[in-house]
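Since the structure comes first, as structure tokens, the remarks are kept for the end.
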């Protein structure tokens with residue numbers, strides 16, 4: 001990996017800023033369901049383009065089927081484990097009668113789930129830079145949009161729970177710093193990987209990102225009634241990042 005850890009951490013400030021921006025915007029003017037769905041579709045398209053255009057060609061060039069299998073098993077296994085943990089931390093509300101009693105627990109579960117998500121996003125940035133500066137930079141772009149939405153979503157959820165604007169913004173800002181932690185861990189542990197270990201790491205990253213697109217972003221986005229404009233946002237995001245790839 002030719003990029004220094006200091007450079008990686010500097011680039012992670014971009015998604016950190018996007019997360020905080022999303023929190024500030026949602027604290028003052030929460031986006032409507034359709035706008036949130038549009039952003040989710042767009043972010044899903046961008047992340048999918050990063051996987052298809054950068055990670056998968058790198059994996060194919062490595063020519064290590066065993067590494068691909070191990071990496072995908074680890075990536076999907078981790079995301080399923082995180083999903084199970086999140087389900088335990090943030091149980092569904094059983095009814096209006098217990099809403100007030102469960103509110104603090106639900107908020108704690110939400111923040112824990114988001115913190116894990118952001119930490120993994122930072123780790124995936126480190127995975128990208130393990131493959132090279134170009135791959136890592138494009139993953140920063142892709143995950144910046146995903147984290148922008150995450151900031152919007154968290155601040156809006158906290159606002160619905162009656163949390164003040166200032167506290168919501170500070171909470172989102174604090175969570176956003178986990179991107180740096182994840183990137184630092186990834187950038188340190190994955191430095192200089194080659195051969196089978198690199199193939200495993202890249203396959204792990206591809207699996208985790210595909211899970212993010214299919215089981216998180218698009219699942220939540222489809223909770224809103226689809227319109228041609230909302231559906232087209234996925235393809236707009238895909239072609240936008242792909243054009244960036246062609247031009248770089």
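When 126, 122, 132, 115 are checked against the criterion of being modelled with pLDDT of 70 or more and at positive phi, a single residue qualifies: 132. Scanning the stretch 186-213 for residues that are more than 17 Å from residue 143 (Cβ to Cβ) and touching a helix residue (DSSP H, G or I) at 6+ places or on another chain (Cβ under 9 Å) turns up 188, 189, 191, 192, 193, 195, 196, 197, 198, 199, 200, 203. On the stretch given as the stretch 214-232, residues that are in contact with a helix residue (DSSP H, G or I) (Cβ under 6 Å, 6 or more places away or on another chain) and assigned to a loop (DSSP other than H, G, I, E, B) total 1. The residue that is farthest from the chain's Cα centre (by Cα), counting only those in the stretch 31-41 that are closer than 28 Å to residue 181 by Cα and surrounded by fewer than 24 Cβ atoms within 10 Å (Cβ to Cβ), is 36. Just the residues that are part of a loop (DSSP other than H, G, I, E, B) and either over 30 Å from residue 194 (Cα atoms) or in contact with a helix residue (DSSP H, G or I) (Cβ under 7 Å, 6 or more places away or on another chain) (or both), please, taken from the stretch 1-44. Those that are part of a loop (DSSP other than H, G, I, E, B) and either over 30 Å from residue 194 (Cα atoms) or in contact with a helix residue (DSSP H, G or I) (Cβ under 7 Å, 6 or more places away or on another chain) (or both): 1, 2, 3, 29, 30, 31, 32. Once the stretch 19-30 is narrowed to residues that are surrounded by fewer than 22 Cβ atoms within 10 Å (Cβ to Cβ) and touching a residue at least 60 places away in the same chain (Cβ under 8 Å), the residue that is nearest to residue 119 (Cα to Cα) is 21. Considering the stretch 167-180, the residues that are out of contact with any helix residue (DSSP H, G or I) (no Cβ under 6 Å at 6 or more places or on another chain) and touching a residue at least 40 places away in the same chain (Cβ under 8 Å) include one that is farthest from residue 120 (Cα to Cα), namely 171. When residue 66 is tested against (1) over 25 Å from residue 188 (Cα atoms); (2) loosely packed, with under 14 Cβ neighbours inside 10 Å; (3) in contact (Cβ under 8 Å) with a residue 24 or more places away in the chain, only condition (1) is not met. Output yes when any residue across the stretch 124-142 is touching a residue at least 60 places away in the same chain (Cβ under 8 Å), surrounded by fewer than 17 Cβ atoms within 10 Å (Cβ to Cβ) and assigned to a helix (DSSP H, G or I), and no when none is. Scanning the stretch 124-142, I find at least one residue that is touching a residue at least 60 places away in the same chain (Cβ under 8 Å), surrounded by fewer than 17 Cβ atoms within 10 Å (Cβ to Cβ) and assigned to a helix (DSSP H, G or I), so the answer is yes.
Under the condition of being closer than 25 Å to residue 163 by Cα and either modelled with pLDDT of 85 or more or assigned to a loop (DSSP other than H, G, I, E, B) (or both), the residues counted in the stretch 55-100 number 6.
The criterion of being at pLDDT 90 or above and more than 18 Å from the chain's Cα centre (by Cα) holds for residue 200.
The values are calculated or read from the model by the stated rules, or taken from the named source; none is laboratory data. No experiment lies behind these values; they were computed from the predicted model shown. Here the Cβ is made from the backbone with ideal geometry for all residues, glycine too, and neighbour counts use every protein chain on show.
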